[in-house]
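Here's the structure, in structure tokens; my notes come after.
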């Protein structure tokens, strides 16, 4: 008999069957991943499954079909809900805590605090009560590694620069998240490891949580070169380091991850060669750039229009986000790929998924 093309009803039934099978596996899961549908989380989940892990549970606010297709157990819930946390950690022995929100908007400050700080407290309390032994927490290099002048390359011993990061709700909330986790999850037999990746690049950022800077460059939305510097790391390499941290990371320790420390001038120059899009030539003094961005943003808001600039992002780009990742190399075996490969793969992904394969040439 001729084969039949699957109908929409058949596809729905197949998806429903997979979801039921995932639920039935709940009692067998020993690894929980919060935020497993994000940029970093999706790479981590896929790497675990590719290596044959059969005992993974992913908690997220919504469950995409690709996650169900992988055959992992899924749990739809919120990190800010105490009951969801308690149910998510049942039978779990280790947790990758990646759930979070990335925003440069001050209006999102309360939400980011709730997710990063209060949500982490709830998860740690539930995990401790359920007998979880290890939590690997995803933070950001921006809680430690940021300076005004760029003449220092911070490592994990660098004092937290609260005078700088308090300017931006995202980094402030992540710093308090680290403190909350260290305060809540400690004791005999418990291990909390904090991993601090720099700007995550590479393929797969379908929410543009980290790669929007490169998309804006490709779309010619960046008109001037910031005076600061950037560090970045491939999300695929970061995911591998999270797995290493679960096995070898020391309790209460932080591990910075970065593949390159570049000025924005060098960063844009490399992007220019890759994309054939001319890099901006104008370099504005930092105070002038920030003042101009704030003024333009204020005018557009008065007109009830979407602002073409992000003052927070422009201010951040005047600082230096360099870091020393020798500790991660030494203790976790961190070996990032060539940064040129990461930029190439990022550009290819953005061109294919957001700009069209013919955008700005092949």
Could you give every pair whose Cβ atoms fall below 9 Å, whose first residue belongs to region 79-97 and is free of Cβ contacts under 8 Å to residues at least 24 places away in the same chain and on the phi < 0 side of the Ramachandran plot, and whose second residue is surrounded by 15 or more Cβ atoms within 10 Å (Cβ to Cβ) and part of a loop (DSSP other than H, G, I, E, B), counting only separations of at least 6 or pairs across chains?
83/77; 87/77
In region 20-59, what residues are assigned to a strand (DSSP E or B) and either over 18 Å from the mean Cα position of the chain (by Cα) or modelled with pLDDT under 95 (or both)?
31, 56, 57
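So, in region 111-144, exactly how many residues are out of contact with any strand residue (DSSP E or B) (no Cβ under 9 Å at 6 or more places or on another chain) and within 13 Å of residue 176 (Cα to Cα)? Can you show your working first?
Of all residues in region 111-144, those out of contact with any strand residue (DSSP E or B) (no Cβ under 9 Å at 6 or more places or on another chain) come to 111-118, 121-122, 125-126, 128-131.
From the residues that got through so far, the ones that are within 13 Å of residue 176 (Cα to Cα) too are 112-118, 121.
Adding up the residues that qualify gives 8.
Please pick out the residue among 175, 181 that is buried (at least 23 other Cβ atoms within 10 Å of the Cβ) and modelled with pLDDT of 95 or more. Before you say what the answer is, go through the steps one by one.
Working: 175 fails: buried (at least 23 other Cβ atoms within 10 Å of the Cβ).
Of 175, 181, the one residue that is buried (at least 23 other Cβ atoms within 10 Å of the Cβ) and modelled with pLDDT of 95 or more is 181.
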Give region 114-152 a look and list any residue that's crowded, with 17+ Cβ neighbours inside 10 Å, in contact (Cβ under 8 Å) with a residue 60 or more places away in the chain and more than 17 Å from residue 85 (Cβ to Cβ), or say none.
139, 141, 142, 144, 145, 146, 147
Please enumerate the residues belonging to region 334-354 that are closer than 10 Å to residue 237 by Cβ and surrounded by 15 or more Cβ atoms within 10 Å (Cβ to Cβ).
334, 336, 342
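Can you find a residue that is within 22 Å of the chain's Cα centre (by Cα), modelled with pLDDT of 95 or more, surrounded by 17 or more Cβ atoms within 10 Å (Cβ to Cβ) and not in a helix (DSSP H, G or I) anywhere in region 271-288? Don't jump to the end; show me each part of the working.
The initial filter retains those residues of region 271-288 that are within 22 Å of the chain's Cα centre (by Cα), namely 271.
Okay, now just the ones that are also modelled with pLDDT of 95 or more, so 271.
Filter again for surrounded by 17 or more Cβ atoms within 10 Å (Cβ to Cβ), leaving 271.
If we keep only those that are not in a helix (DSSP H, G or I) as well, we get none.
Scanning region 271-288, I find no residue that is within 22 Å of the chain's Cα centre (by Cα), modelled with pLDDT of 95 or more, surrounded by 17 or more Cβ atoms within 10 Å (Cβ to Cβ) and not in a helix (DSSP H, G or I), so the answer is no.
State yes or no: is residue 210 buried (at least 21 other Cβ atoms within 10 Å of the Cβ), modelled with pLDDT under 95 and closer than 26 Å to residue 114 by Cα? Spell out how you get there, then give the answer.
On the way: buried (at least 21 other Cβ atoms within 10 Å of the Cβ): yes; modelled with pLDDT under 95: yes; closer than 26 Å to residue 114 by Cα: yes.
For residue 210, the condition - buried (at least 21 other Cβ atoms within 10 Å of the Cβ), modelled with pLDDT under 95 and closer than 26 Å to residue 114 by Cα - is met.
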If a residue has to be part of a loop (DSSP other than H, G, I, E, B) and within 20 Å of the chain's Cα centre (by Cα) to count, how many in region 139-153 make the cut?
5
Looking for something touching a strand residue (DSSP E or B) at 6+ places or on another chain (Cβ under 9 Å), part of a helix (DSSP H, G or I) and surrounded by fewer than 21 Cβ atoms within 10 Å (Cβ to Cβ) - is there at least one such residue anywhere in region 187-204?
no
Checked region 216-240 for anything assigned to a helix (DSSP H, G or I), within 20 Å of residue 321 (Cα to Cα) and in contact (Cβ under 8 Å) with a residue 24 or more places away in the chain; matches are 217, 235, 237, 238
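The values are calculated or read from the model by the stated rules, or taken from the named source; none is laboratory data. Computed from a predicted model, the values in this text were never measured in an experiment. Cβ atoms come from the backbone with ideal geometry, glycine included; neighbour counts cover every protein chain shown.
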